[in-house]
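A short worksheet on the structure shown next.
Laboratory data are not the source of any read-out in this text; all were calculated from the coordinates shown. What you see is a predicted model; the values in this text were computed from it and never measured. Every residue, glycine among them, receives a Cβ derived from its backbone with ideal geometry; neighbour counts consider all protein chains shown.
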Amino acid sequence: MPKGSDLLVAALENEGVDRIFGVPGEENLDVVESLRNSKIKLILTRHEQAAAFMAATHGRLTGKPGVCISTLGPGALNLSTGAAYAHLGAMPMIMLTGQKAIMTAKQARFQIVDVIASMRPLTKMARQIISAASIPAIVRDAFRVAMEERPGPVHLELPEDVAGEETGEVPLVPPHPIELPVAPPAALDRAAEMICKAQRPLVMLGAGSSRPKLVEPLSSFIRRTRIPFFNTQMGKGSVTGGSNLYMGTAALSSGDYVHRAVDYADLIISIGHDTVEKPPFIMGPDGPKVIHVGFTAASVEQVYFPHAEVVGDVGPSLALLADRIEGKLRIDPVFTGLRSEILGRIRDRADEGRFPPTPQRIVRDVRKVMPEDGIVCLDNGMYKIWFARNYRTHVANTLLLDNALATMGAGLPSAMMASMLYPKRRVLAVCGDGGFMMNSQEMETAVRLGLNLVVLILEDSAYGMIRWKQAVDAFPDWGLCFGNPDFVKYAESYGAIGHRVKRTDDLVPTLESAFKDTGVHLITVPIDYVENTRVLVEELRGRVPEIA
Ligand SMILES: Cc1ncc(C[n+]2csc(CCOP(=O)(O)OP(=O)(O)O)c2C)c(N)n1
Ligand SMILES: [Mg+2]
């Protein structure tokens, strides 16, 4: 006789799930037993937060929800940062948590917190399963909700008595494709007219344009229309090819070199912009007109209020828009000049040999060793701005960063997921010494899973980004430095291979030899953050005087 947990696992198999990440508790033991008898692998992590980051990254890279599991109370609450990461980042994910029995209360209120209530603001849907027979329909609906635009996390709580409840045969619900309506002809005509009338149109690729299914349609839109483009941090690398039209990445909200192109444009075709991101430019009454192209309507913000919208399935809608404008546009040659100026400025100091190396040099060296399809996964720290600004991508989804929740701690888990999904590609996690330590215990998971992975730690013995903001705001330098373990020994204690870069010129060969080898490698390099203020404050303010 099948029980609730068997139905749950069968329903997950029915959705194509092949792995579940997490830390089970005793309330999950029926599910663990059902997993033992299934094709789904249970991948233990050393903290639930890492499991959620991994599951979310699965969703981000494939469009199909990753699944994570935890116990009730403490374990479930440990998933919550991952829930918020997936919710703000629009990454499809399913979180399964256990709970004490609901029909009896043999342990009174031991370990019980209202997990559903805590998950509600962090998810698209949070539900308790109250009968085994309802599992197939609830799981199907959970996957639909997680995947449907705008994608995100769904939480299901399975109490242990429901997991153990015997049921008769309950049929599974077959998955059906999600088909979205295409933008209406009137909206496409209006947008086409605005684009054709514009003198200096510019495309902006936002976070939503990084959805895996948009790689081809977006790349084709750029190829067909030849409109120059820039991107937001999370829209970085969402098109494959078309690099000669790339104007830069908006890592700051204004005043960076890329904003010269934004300021020059008279129309911005904003594709997939999601205002969870720090504004890539600030709209104002005198700025360029904006057409929002998205799966859903734009949210209206003080800094983003598009003049027209093309709302619908983005891929086919863009193809119809390209049909209307292809061959009719004259691209202003000034953009070409601006482009070489912007990209030239970005290349500044990338060759400098001083030790510790500058962020610009580190980004350049990483780019040197990463093939076009190599994947760099960032944690969150000061270097994120430098990578977003300076790291050129040529293939979609090859620089994964979080400019939505902007949480520390996701660098290593997201790289582990990327490495599991694409074992033949080079995968590099880039972490600060602060962020790495927030989930460094997953080095054990990575070694146990036999992953091929390189972790680059940028050591400044500080929460560098906050220290920098402190300096920019003219506060005294106080309270933001810490000590580090010996990262080489630390890596070795996990069975990984540790390296310390002691000369700037050693960075490339160290990275190269780590990638040529197999297994988990950790490379630590000090970083010189003097450039943060020199470039990102003084230089930019000097060149763009209107910024206070
Ligand atoms: C979980 C979390 N805690 C705190 C912050 C605030 N925060 C943003 S960047 C940063 C410092 C990051 O330090 P590190 O990882 O060493 O990178 P660095 O900036 O020094 O290169 C902090 C504390 C955050 N974004 N996420
Ligand atoms: Mg640091």
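Annotation: amide H-H contacts under 5 Å for L400 (H modelled 1.01 Å from N, sequence separation of 5 or more, or interchain): V376, C377, L378.
For the chain, the longest principal axis of the Cα atoms and the long axis of helix 215-225 meet at an angle of about 20 degrees.
Is the shape of segment 372-485 best called rounded, prolate or oblate, per the rule: a/c under 1.5 gives rounded, else a/b larger than b/c gives prolate, else oblate, with a ≥ b ≥ c the square roots of the Cα gyration tensor eigenvalues? Because a/c hits 1.5 or more and a/b fails to exceed b/c, segment 372-485 counts as oblate. With a Förster radius of 30 Å applied to the C-beta separation of R354 and Q470, the computed FRET efficiency comes to 0.80. Under a model in which nothing but the beta-carbon of Lys, Arg (+1) and Asp, Glu (-1) is charged, the chain shows a dipole of about 1260 debye around its Cα centre. The angle between the Cα long axis of helix 334-347 and the longest principal axis of the Cα atoms of the chain comes to about 70 degrees, rounded to the nearest 10.
Converting phi to 3J(HN,Hα) with the Karplus coefficients 6.51, -1.76 and 1.60 and the offset θ = phi - 60°, segment 412-426 yields 5, x, 5, 5, 4, 5, 4, 5, 5, 6, 10, x, 8, 9, 6 Hz in sequence order, with x at every glycine or proline. Within the chain, antiparallel bridges make up roughly 5 percent of the DSSP beta bridges whose residues both belong there. Taking each of K213/K328; K289/K328; K278/K489 in turn, the alpha-carbon distance tops 31 angstrom for K278/K489.
Of the three principal axes defined by the Cα atoms of the chain, the extents in descending order read 72, 61, 44 Å. Toward the positive end of the charge dipole of the chain, with +1 on the Cβ of Lys and Arg and -1 on the Cβ of Asp and Glu, the farthest Cα among P2, T510, Y85 is that of T510. Counting only aspartates and glutamates at least 8 places from K368 when in the same chain, those with an alpha carbon closer than 14 Å to its own are D351, D505, D506, E512. Listed from fewest to most Cβ neighbours within 10 Å, the set F355, F387, F436 follows the order F355, F387, F436. Evaluating 6.51 cos²θ - 1.76 cosθ + 1.60 at θ = phi - 60° for every residue in segment 507-524, the Karplus couplings come out as 4, 4, x, 5, 4, 4, 6, 5, 6, 5, 7, 9, x, 9, 10, 10, 10, 10 Hz, glycine and proline recorded as x.
Around the Cα centre of segment 464-548, unit charges on the Cβ atoms of Lys, Arg, Asp and Glu (plus for the first two, minus for the last two) sum to a dipole of about 80 debye. Ordering I112, I268 by the number of other Cβ atoms within 10 Å of each residue's own Cβ, fewest first, gives I112, I268. Rounded to whole numbers, the Karplus 3J(HN,Hα) couplings from phi for segment 75-88 are x, 5, 5, 5, 7, 5, 5, x, 4, 5, 4, 6, 5, 6 Hz, using 6.51 cos²θ - 1.76 cosθ + 1.60 with θ = phi - 60°, and x at Gly and Pro. The ranking of S299, S5, S210 from fewest to most other beta carbons within 10 Å of each one's beta carbon is S299, S5, S210.
Think of each Lys and Arg Cβ as +1 and each Asp and Glu Cβ as -1; about the Cα centre, that makes the dipole of segment 163-239 roughly 980 debye.
In this structure, the residue pairs whose Cα-Cα separation is over 22 Å, taken from K64/K424; K3/K100; K469/K502; K424/K516, are K469/K502. The length gained by stretching the chain between R503 and D477 to full extension, at 0.36 nm per residue less their Cα-Cα distance, is 6.6 nm. Close amide H partners of M125, meaning residues 5 or more places away or on another chain with modelled amide H under 5 Å apart, are H155. The trypsin sites (Lys or Arg not before Pro) of segment 404-470 that meet both conditions, a loop assignment by DSSP and at most 11 other Cβ atoms within 10 Å of the site Cβ, are K424.
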